[in-house]
1. Amide H of E61: which non-local residues (sequence gap of 5 or more, or other chain) have their own amide H closer than 5 Å, using H built in the peptide plane?
2. Just to confirm the filter: which trypsin sites (Lys or Arg not before Pro) across segment 15-119 are DSSP coil and have at most 13 other Cβ within 10 angstrom of their Cβ?
3. Name the most mobile residue of L128, L23, L94, meaning the one with the largest mean-square fluctuation, in a Gaussian network model of the chain with Cα contacts below 10 Å.
4. Which of Q131, Q77, Q147 ends up with the largest GNM mean-square fluctuation for the chain, with Cα atoms connected below 10 Å?
5. For the chain, with a Gaussian network of springs between Cα atoms less than 10 Å apart, report the residue from M144, M73, M53 with the top mean-square fluctuation.
6. Once the convex hull of the C-alpha atoms of the chain is built, how many Å³ does it hold per residue, rounded to a whole number?
7. Mind checking the dipole of segment 12-99: about its Cα centre, +1 per Lys or Arg Cβ, -1 per Asp or Glu Cβ, Debye to the nearest 20?
8. Among rounded, prolate and oblate, which fits segment 12-99 when a ≥ b ≥ c are the square roots of the eigenvalues of its C-alpha gyration tensor, a/c under 1.5 means rounded, and a/b larger than b/c means prolate?
Amino acid sequence: MADFKKPMPANVDAERLVIGSILLDDSLYTSTARVLAPEDFFLEKHRRIFARMADLYDRGEHIDRVALAEELMRKDQLESIDGFSYLASLDEGLPRIPNIDGYVRIIKDKSISRSIIHICAEIKRRCLDYQESAEEICAAAEEMLLQVQHGRIFGDATSTAIHNQALQ
């Protein structure tokens, strides 16, 4: 059976809406950060933006375009997210959305789907390596899927976690 080239699961519009909503109302960051980590975002620039939002929040600073741009410049990341104009576009024309939970769930769901895809690729690799018994591979697959289910592995962090687990 041939592998079909399909894009990884993602909803960039939901990512933009969540980040833009936080820029409009930084009180939304707290509830969002309870569910999402930077690794849950598909686009690298969204990961960086959300990570810098976390830095501002951790220092008790207001999260807005200017503060976020300054934080990105401090980390030498402003150009890697396409500059201030991209930040400005995130909340431009966006209505205030008091409840972004549905969009947060969409992002989380796509992140978990990507984690499962990475796990399946790792299991396939292990099967083709012929270094472990089927029983060992099944046990490893079960453990990795349980970690996803319990929220310990998300986004691209999966690859590193699976690789580290495979080396044990």
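1. For E61, whose amide H was placed from the backbone, there are no distant partners under 5 Å.
2. Qualifying residues, ordered by number: R59, K75, R96.
3. Residue with maximal mean-square fluctuation among L128, L23, L94: L128.
4. Comparing Q131, Q77, Q147 in a Gaussian network model of the chain, the most mobile one is Q131.
5. M73
6. Enclosed volume per residue, from the Cα hull, is 141 Å³.
7. Around 100 debye, computed over segment 12-99.
8. Working: a/c = 1.27, a/b = 1.16, b/c = 1.10.
Note, shape of segment 12-99 comes out rounded.
Every number in this text was worked out from the coordinates using simple rules, so none of it is lab data. Fair warning: this is a prediction, and the values are worked out from it, not measured in the lab. When we count neighbours, we look across all protein chains shown, and the Cβ atoms used for this are built from the backbone with ideal geometry, even at glycine.
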